[in-house]
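One structure below.
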Amino acid sequence: MKEYYIPALVVGAVSEKRARDPRTGSRKPPMRAAYIHLLQTGMLRFLSEPEFETSVLDTWVHVLPTDRDCWQRVNLPVSDELHTAVKAAAEFADRRLYDFAHCLLTEAVKELDYSQLETKKQCGQTILEPAK
């Protein structure tokens, strides 16, 4: 499990999109599956789309661990490969992991379609494969 600070804006957007998902009960993926999906798709887009990379890098956020109104701390079963890729991108951008992940998630949630998430955890995939 890896610890990530999920922006309140992302938590709210995922909650709204999850509520609109027509699936019910256990067929509806948990919110943390959406967070993992956002990290995966965000990194794919960061590595392949210059416009997305620019939008992530143009946003500057400094996550304050004491300001719990702005984020939710979540332990995610993220693959080591994905976590390493996010950390490397953060170092490339000369930012802390939490600050970079905050910007990445904030941009990635704009394109989230909750109905495309699978009920099984997708964290075993490699970072360079799109979610199925």
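The values are calculated or read from the model by the stated rules, or taken from the named source; none is laboratory data. Note that the coordinates shown come from a computational prediction; the quantities given were computed from them, not determined experimentally. Here the Cβ is made from the backbone with ideal geometry for all residues, glycine too, and neighbour counts use every protein chain on show.
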Practice problem: Within segment 1-30, track down each residue that is assigned to a loop (DSSP other than H, G, I, E, B), more than 24 Å from Ala90 (Cα to Cα) and either within 16 Å of the chain's Cα centre (by Cα) or at pLDDT 95 or above (or both). | Solution: Pro29, Pro30
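Look at segment 31-49 and say how many of its residues are among the hydrophobic types (A, V, I, L, M, F, W, C) and under 8 Å from the mean Cα position of the chain (by Cα).
Of all residues in segment 31-49, those among the hydrophobic types (A, V, I, L, M, F, W, C) come to 31, 33-34, 36, 38-39, 43-44, 46-47.
Right, trim to under 8 Å from the mean Cα position of the chain (by Cα) and you get 34, 36, 38-39.
Residues meeting the conditions: 4.
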Exercise. Mind counting the residues in segment 82-100 that are in a helix (DSSP H, G or I) and modelled with pLDDT under 95?
Key: 4
Practice problem: Within segment 77-100, track down each residue that is touching a residue at least 60 places away in the same chain (Cβ under 8 Å) and in contact with an Asp or Glu (Cβ under 8 Å, 6 or more places away or on another chain). | Solution: none
Quiz item: Out of segment 72-85, which residues are under 13 Å from the mean Cα position of the chain (by Cα) and farther than 11 Å from Ile36 by Cβ?
Solution: Gln72, Arg73, Asn75, Ala85
Quiz item: In this structure, does Phe52 turn out to be over 13 Å from the mean Cα position of the chain (by Cα) and part of a helix (DSSP H, G or I)?
Solution: yes
Practice problem: Just name the residue that is surrounded by the most Cβ atoms within 10 Å (Cβ to Cβ) out of those in segment 53-79 that are of a type in the set (D, E, K, R) and either at pLDDT 95 or above or under 12 Å from Ile6 (Cα atoms) (or both). | Solution: Glu53
